[in-house]
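Heads up, the thing below is written out as structure tokens.
Nothing in this text is a laboratory measurement; each read-out follows from the coordinates by a stated rule. Since the model is a prediction, treat every value here as computed from it, not as a measurement. FYI the Cβ positions are ideal-geometry reconstructions off the backbone, even for glycines, and counts take in every protein chain you see.
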Amino acid sequence: MSEHTFTQRIVITGVGLTAPGSSNLTEFRANLLAGISGISTIDLRYMGVHPAGLCQFEETRYRKKRENKRGTRAGCIGVYCANEALVDAGIDFSTYDRAATGVYIGLTEHGTVETENEVYNISQYDYNVDYWTHHHNPRTVLNNPAGEISMNLQLTGPHYSIGAACAAGNAALIQGVQMLRLGEVELALCGGVSECVGSFGIFASFQAQGALAAHSEPARASRPFDRDRNGIVISEGGCVFVLERLDRALARNAAIYGEITGYAMNSDARDFVLPYGPRQQQCMEAALKKAGRMPADITIINAHATGTKQGDVEECKAIRAVFSDCPATWINNTKSVIGHAMGAAGVLELAGNLPAFTDHLVHPTINLDNLDPDCTLPNLVTNTPVELERVDTILNNSFGMLGINSAVIVERCVVC
């Protein structure tokens with residue numbers, strides 16, 4: 001394998017997504033710029049009504065109702081997003097080999113929804129396991145969403161899921177870049193999926209931690225950086241990117257959203273749930289180094305901030321430490337609009353910012369009425385968009401439980 005392979009430029013040429021309040025990138029971007037929340041409510045088994053981000057999309061556009069019923073909600077979301085991404089990229093596999101196409105999907109968790117539903121089902125029959133579905137195992141294996149995508153699209157290259165807590169979407173994106181540069185695949189479908197609104201256990205766990213958001217107005221429940229924030233709004237969603245080597249994309253005259261130039265992942269190695277700013281700082285610095293960029297080169301930082309006190313504060317400390325003298329760097333947050341989509345969070349939030357390369361707008365953080373003094377950041381965009389002369393570089397933060405951190409840098413693609 002030549003050294004040139006490892007330095008290949010990797011670009012994003014397709015985006016398919018569903019998020020609370022939108023089922024494609026155009027709708028998603030419009031909602032972000034207008035500050036229109038996608039948060040509503042869900043009536044949970046055992047727990048009652050809570051704010052949540054729910055997705056509405058055409059579930060039978062790419063496979064039949066019978067197939068969706070046999071599969072999983074995560075698989076349904078994944079199949080929709082992957083197909084939408086390929087359509088957006090203009091790929092019909094006349095120029096790419098299905099056997100050389102990889103599918104890499106990030107997950108925070110998988111199988112919880114199916115297991116809870118099956119336990120509830122057999123409880124109606126005095127816990128007789130004869131009523132347990134024979135579909136349970138293929139539904140709950142970790143590679144399920146990636147596998148459902150590969151079956152639907154008849155892709156015979158590698159498929160697998162990447163468990164990286166709430167950094168999983170970024171982790172899958174990084175995996176796709178690496179596999180393309182290694183020459184293991186010619187085309188990569190990378191992204192993340194979350195079906196966690198179907199699990200009362202996830203809501204109950206956050207509530208037990210004192211980290212589940214509550215608000216009389218659901219649309220105002222997700223409040224990162226706000227003094228009155230009280231936790232996470234749990235959301236479902238998905239986003240899949242088409243990644244290609246630049247030379248292949250140019251050869252077929254593909255439209256290019258951006259070029260992935262830097263990334264990093266590291267670990268806090270400290271606590272099960274509590275984040276640690278100094279390690280997040282090191283992660284951002286490592287991504288900048290890989291991209292060959294200085295902090296002042298970054299135009300937009302999409303902050304991970306979930307609406308928990310320590311999480312928001314630790315990230316703000318890290319951002320201030322790296323970007324303390326960067327007057328042309330602007331900061332926003334996407335979870336204020338769509339909640340926390342867990343394994344899909346990183347890629348959805350990156351997707352929502354990609355159009356800034358062409359419209360030059362930094363979408364706002366909404367619901368920020370009373371800034372927590374510990375979350376003070378230079379150029380934090382609040383409540384209304386900011387228009388810039390140009391946007392060249394986006395840094396996307398995504399952090400998760402067990403202390404896993406990720407940062408991805410995407411730049412306006414310039415072809416010399």
_Share antiparallel - DSSP beta bridges, the range 261-411, percent rounded to 5_ = 65
*By DSSP, what percent of the beta bridges with both residues in the range 3-251 are antiparallel, rounded to the nearest 5?*
60
*Computed FRET value (nearest 0.05) for PHE93 with TYR125, which takes r as the C-beta separation and R₀ as 56 Å*: 0.75
*Between PRO138, PRO224, PRO364, find the one with the highest GNM mean-square fluctuation for the chain; connect C-alpha pairs within less than 10 Å.*
PRO138
_Per-peptide average of other Cβ atoms within 10 Å, ordering 122-132, 82-92, 205-215, 170-180 highest first_ = 170-180, 82-92, 205-215, 122-132
*What list do you get for LEU189, LEU288 if you sort them by fewest beta carbons within 10 Å?*
LEU288, LEU189
*Go ahead and estimate [θ] at 222 nm for the chain from helices alone: -39,500 (n - 2.57) per DSSP H run with n ≥ 4, summed, over the residue count, rounded to 500.*
-9500 deg cm²/dmol
*Report relative contact order for the chain in percent, whole number only (criteria: Cα-Cα under 8 Å, sequence separation at least 6).*
23
*Does the range 304-369 classify as rounded, prolate or oblate by the C-alpha gyration tensor (a ≥ b ≥ c root eigenvalues; a/c under 1.5 gives rounded; else a/b over b/c gives prolate, otherwise oblate)?*
oblate
*In nm, spacing of pseudo-spin labels at ASN253 and THR41 (7 Å Cα→C-beta vector)*: 5.3
_Linear extension gain, MET294 paired with GLU217, 0.36 nm per residue minus alpha-carbon span_ = 23.6 nm
*Ranked packing of 253-259, 277-283, most packed first, by mean Cβ within 10 Å*: 277-283, 253-259
*Mind telling me which of THR95, THR393, THR334 comes out most flexible in a GNM of the chain, alpha-carbon contacts under 10 Å?*
THR95
_Residues of the range 74-89 with amide N under 14 Å of a point placed 7 Å along Cα→Cβ from GLU58_ = 80-81, 83-85, 87-88
*For the chain, what is the percent of antiparallel DSSP beta bridges, rounded to the nearest 5?*
65
*With each label point set 7 Å from Cα along the Cα-Cβ vector, what nm distance links SER324 and ALA30?*
4.4
*State to the nearest 20 debye the size of the charge dipole of the chain about its Cα centre, where the only charges are +1 on K and R beta carbons and -1 on D and E beta carbons.*
340
*Taking neighbour counts of Cβ atoms within 10 Å as a proxy for exposure, in what order, fewest first, do PHE323, PHE399, PHE93 appear?*
PHE93, PHE323, PHE399
*Can you put MET294, MET284, MET342 in order of Cβ neighbours within 10 angstrom, beginning with the fewest?*
MET294, MET284, MET342
*asked:* Students often forget the sequence filter, so: which lysines lie under 20 Å Cα-Cα from LYS65 once same-chain residues fewer than 8 apart are removed?
replied: none
*Run the quick spin-label model on THR376 and THR115: label points 7 Å from Cα toward the beta carbon, then report their separation in nm to one decimal.*
4.6
_Separation of alpha-carbon centers, the range 349-416 and the range 48-123, rounded to whole Å_ = 27
_Can you order the peptides 55-65, 295-305 by their average number of other Cβ atoms within 10 Å per residue, highest first?_
295-305, 55-65
*Express the Stokes-Einstein translational diffusion coefficient of the range 105-253 in µm² s⁻¹, to the nearest whole number, given a Kirkwood radius over alpha-carbon pairs, 37 °C and a viscosity of 0.692 mPa s.*
183
*asked:* Taking only Cα atoms of the range 3-251, what ratio of Rg to Rh do you get with Rh as the Kirkwood inverse-distance radius?
replied: 1.00
